[in-house]
Amino acid sequence: MPNRKFADGEVVMGRWPGSVLYYEVQVTNYDDVAHLYTVKYKDGTELALKESDIRSQSSFKHRKSQSSSSSPSRRSSSRSRSRSRSPGRPPRGRRRSASQSREHKDDKKKTFQETSLALPVLVLFKPSENNTKRYNGEPESTEKNDTSCIILEQKLKPDLEVKRVLEQYSLRSRKDDKKKEEIYSEKKTFVAVKPIEKVPTKTKELEFGGRIGTFMLIFLLPATVFYLLLMCKQDDPSLLNFPPLPALESLWEGRVFGIFLLWFFLQAVFYLLPIGKVVEGLPLSNGRKLQYRINGVYAFILSAAAIGALLYFEFELHYLYNHFMQFAVSAAVFSLALSIYLYVRSLKAPEEELAPGGNSGYFIYDFFTGHELNPRIGSFDLKYFCELRPGLIGWVVINLAMLLAEMKIHSLSVPSLAMILVNSFQLLYVVDALWNEEAILTTMDITHDGFGFMLAFGDLVWVPFVYSLQAFYLVGHPTTITWPIAAAITVLNCVGYYIFRSANSQKNNFRRNPADPKLANLKFIPTATGKGLLVTGWWGFVRHPNYLGDIIMALAWSLPCGFNHILPYFYVIYFICLLVHREARDEHHCKQKYGLAWERYCQRVPYRIFPYIY
């Protein structure tokens, strides 16, 4: 294994990926496995570079000084040139000897070589506005709203610089023409290729309390689910009234587990149906884009048809209510088995396919957070499938089962108004997620987090069995609400949904196509990665307006349950804690990714989730 050439902390000149331009960078780390240096630019951007793309500062200083000086012969030749003649032609009335001609050509060749070598130092790379002016020492602009101008400047500026040099130093030898072609080809590559992110290396900063915290969460999360379900079954579900533990044999039934497996694989069949469009996700660390089939709405319609058929043939859907704890145990066992399979298969996954946050080298931590980013069986994406299908659609089925159970237990001809509100609000949320299924491809769950116990248990157990807690609670603890109160709660839910949907639509449309003329009125702060940070609309109000809308909706889902017990408000309390923690993770990742541009964004938008509060 070759020894590393540059030490940590050393200031060197690093080549920007896809260009011929070098900038002053500082070496922060070296990966012995991938043989890549992690370097940090002046604006805070971090990239992984090969050793061949890094040079010492002394070599650039030496060449720069050579190119800046000019010999007496070069000065005399420049004075003798006519404006109407090319640099390669002598003036009239003057003949050159063979030796003078060769010296003159060598002088021109040397001048072009020195200028081309000094060009990366003198001409600044312009991926975006927020780092170019900093290097030039010019005042920075904090925001822009002309996306097409940014893209045009990125494409034209490098070509104009090269064209200027080539026109000034016109060379006729084939070797120099070849150099011209190489420069043009590299410039074209620069225009076509976007700055890539570094290949995943070992995870250094551990989240969720590190190894000890993730080990405890593996047991704490299932215990929390079972505790909540047992509490809902009690007549007095107060926090001080701890429920009795059921017998172990009562928690498992083979028939229930079989029904759960049937549901899971039925959703897998719907996912594999060749209906719906196929789209590409965001670029991975190696530049590759995965393809995803968008057919969640069709899966929901087919699932509704299947449930309707069961009801037509008089299948007792409230069977779910009577065996709710057993279904939760079956889902937990299946998610654990799936997590073990995911970790075992990830041990053979290539380095570039591992998750940025789940490659620590510690078994428990990587098992919990997910070691592999996008585990697939052929074209079947396991993480993407579990995010929206069996758990999210299952949540709606569970709510319907609770509605039918309430009618049967309390001998109602129609469900209660509280139950109708809870079912309607959450049905809207699920349908919206499936209708905007493509938007999930830009979320942290897909782009950053691996698929391990955290997401497997969350998608298959936590979402369907905890998010349906209000409906489950109302079956055993009916609540009567008046129509004015119901109208006020409905307005609150609509406000939250409007903020949630409009904010997400702004973000997703801008990420997909920032040059869209429809988005020309949006202002943003450019970053060194080529992406922009929105500072108008909802994203200029708070940094995470979609989280704010989510929390407002969560409160509206709990209000129909009344105020007799805090148990139905567990969801909104948990959701606030979850989103505050996720916001902190977003803050950390964005600061590393965008550098000083993120600091300016935080100054521009000081509130994180709650305006004037947090």
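The values are calculated or read from the model by the stated rules, or taken from the named source; none is laboratory data. Small disclaimer: the values here were computed from a predicted structure and weren't measured. Heads up, the Cβs are rebuilt from the backbone with ideal geometry, glycines too, and the neighbour counts pull from every protein chain shown. We work out accessible area using only protein heavy atoms, side chains counted, and drop any ligands, DNA or RNA first. Shrake-Rupley method; radii C 1.70, N 1.55, O 1.52, S 1.80 Å.
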- Task: Distance between Cα centroids, the stretch 474-489 to the stretch 245-295: provide it in whole Å.
- Result: 34
- What FRET efficiency, computed as 1/(1 + (r/R0)^6) with R0 = 25 Å and r the Cβ-Cβ distance, is obtained for LEU240 and PHE219, rounded to the nearest 0.05? 0.60
- Message: So with the 1.4 Å probe, I'd like the accessible area per residue for the stretch 481-613, rounded to whole Å².
- Response: 45
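When only Cα pairs under 8 Å and 6 or more residues apart are kept, what is the percent relative contact order across the stretch 525-614? Can you show the working numbers first?
Working: 71 pairs, mean separation 41.3, N = 90.
The value is 46 percent.
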- Message: Counting only protein heavy atoms and a 1.4 Å probe, tell me what percentage of the stretch 434-554's accessible area is made up of carbon and sulfur.
- Response: 65
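Measuring with a 1.4 Å probe in the full set of protein chains, what accessible area per residue, in whole Å², belongs to the stretch 275-413?
Working: 5940 Å² over 139 residues.
Dividing the accessible area of the stretch 275-413 by its residue count gives 43 Å².
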- Query: Along the Cα-to-Cβ line of GLU205, 7 Å from the Cα, sits a label point; which residues in the stretch 436-480 have backbone N less than 17 Å from it?
  - Reply: 444-445, 448-450
- Query: By how many nm would the segment from VAL11 to HIS448 grow when fully extended, if each residue of separation counts as 0.36 nm and the alpha-carbon distance is taken off?
  - Reply: 154.3 nm
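With r defined as the distance between the Cβ atoms of TYR607 and GLU249 and R0 fixed at 56 Å, what FRET efficiency is calculated, to the nearest 0.05? Intermediate results must be reported in sequence, preceding the final value.
Values: r = 52 Å, r/R0 = 0.93.
That gives a FRET efficiency of 0.60.
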- Query: At what distance in nm do the modelled label points of ALA268 and THR28 sit from each other, each positioned 7 Å from its Cα along Cα→Cβ?
  - Reply: 4.1
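Enter the accessible area per residue of the stretch 10-58 (Å², integer; probe 1.4 Å; all protein chains in place). Could the numbers behind the result be given before it?
Values: 1960 Å² over 49 residues.
Solvent-accessible surface per residue comes out at 40 Å².
Within the stretch 10-58, what whole-number % of the accessible surface is contributed by carbon and sulfur, with the 1.4 Å probe and all protein chains included in the calculation?
On the stretch 10-58, the fraction of accessible area on carbon and sulfur atoms equals 43 percent.
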- Mean separation of Cα contacts under 8 Å (6+ apart) over length of the stretch 10-58, as relative contact order %: 36
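In this model, which of LYS42/LYS202; LYS277/LYS591; LYS42/LYS507; LYS289/LYS518 are farther than 31 Å apart at the alpha-carbon?
Details: LYS42/LYS202 24 Å; LYS277/LYS591 35 Å; LYS42/LYS507 28 Å; LYS289/LYS518 26 Å.
Exceeds cut-off: LYS277/LYS591.
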- Note on the structure: Expressed in angstrom and rounded, the centroid-to-centroid distance over alpha carbons for the stretch 565-612 and the stretch 367-403 is 25
- Which value, in Å² and to the nearest 10, is the accessible area of ARG604 when all protein chains are kept and the probe is 1.4 Å? 100
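With a 1.4 Å probe and every protein chain kept in, tell me what percent of the accessible surface of the stretch 301-384 is carbon plus sulfur.
67
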